[in-house]
Amino acid sequence: MQTIQIEVQDQYLETFLTLISSLKEGMIQNVQIDENVLFETNKTYFQHALKEIENNTVQLLSHDAVWEKIDEHAKACF
């Protein structure tokens, strides 16, 4: 058995995992995601988002506006 290490851009990770899961059964023995890299990426993203909120450089949505967008999205999907 061979081991392959692949780096996938964050925006394509879900698509890549879907492709991998659709391969012939038994072809892939193990899929691992380096959680430390994922954690650091998420940490950086959320720290940046928090700074934007604290500095008032981003407009936040009200609770009602969020649920309105969720309802619109759900109707469009179903």
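With N as its number of residues, the stretch 1-41 has a Cα radius of gyration that, divided by 2.2 N^0.38 Å, comes to 1.26. Under the simplified labelling scheme, the ILE53-VAL37 pair shows an inter-label distance of 2.8 nm, with each label point 7 Å from Cα along Cα→Cβ. Measuring max minus min along each principal axis, the C-alpha atoms of the chain give extents of 53, 34, 14 Å (largest first). Residue-wise HN-Hα couplings along the stretch 15-20, as the Karplus relation 6.51 cos²θ - 1.76 cosθ + 1.60 with θ = phi - 60° gives them from phi, are 5, 4, 5, 5, 4, 4 Hz; Gly and Pro carry x. Atom-type composition of the exposed protein surface of the stretch 5-78 places 54 percent of the accessible area on carbon and sulfur (1.4 angstrom probe).
In this structure the chain gives 102 Å² per residue of accessible area when probed at 1.4 Å with all protein chains present.
Residues in the stretch 47-62 carry Karplus couplings, in order, of 5, 5, 4, 5, 4, 4, 5, 5, 8, 6, 9, 9, 8, 8, 8, 6 Hz; the curve used is 6.51 cos²θ - 1.76 cosθ + 1.60 with θ = phi - 60°, and Gly or Pro positions show x.
Net charge in the neighbourhood of PHE16 (other residues with Cβ under 11 Å of its Cβ; Lys, Arg +1, Asp, Glu -1) is -3.
The values are calculated or read from the model by the stated rules, or taken from the named source; none is laboratory data. Being a predicted model, the structure only gives us computed values, none of them experimental. Reconstructed Cβ throughout: ideal geometry from the backbone, glycine too, with neighbour counts over all protein chains shown. Heavy atoms of the whole protein, side chains included, go into the accessibility calculation; ligands, DNA and RNA do not. Shrake-Rupley method; radii C 1.70, N 1.55, O 1.52, S 1.80 Å.
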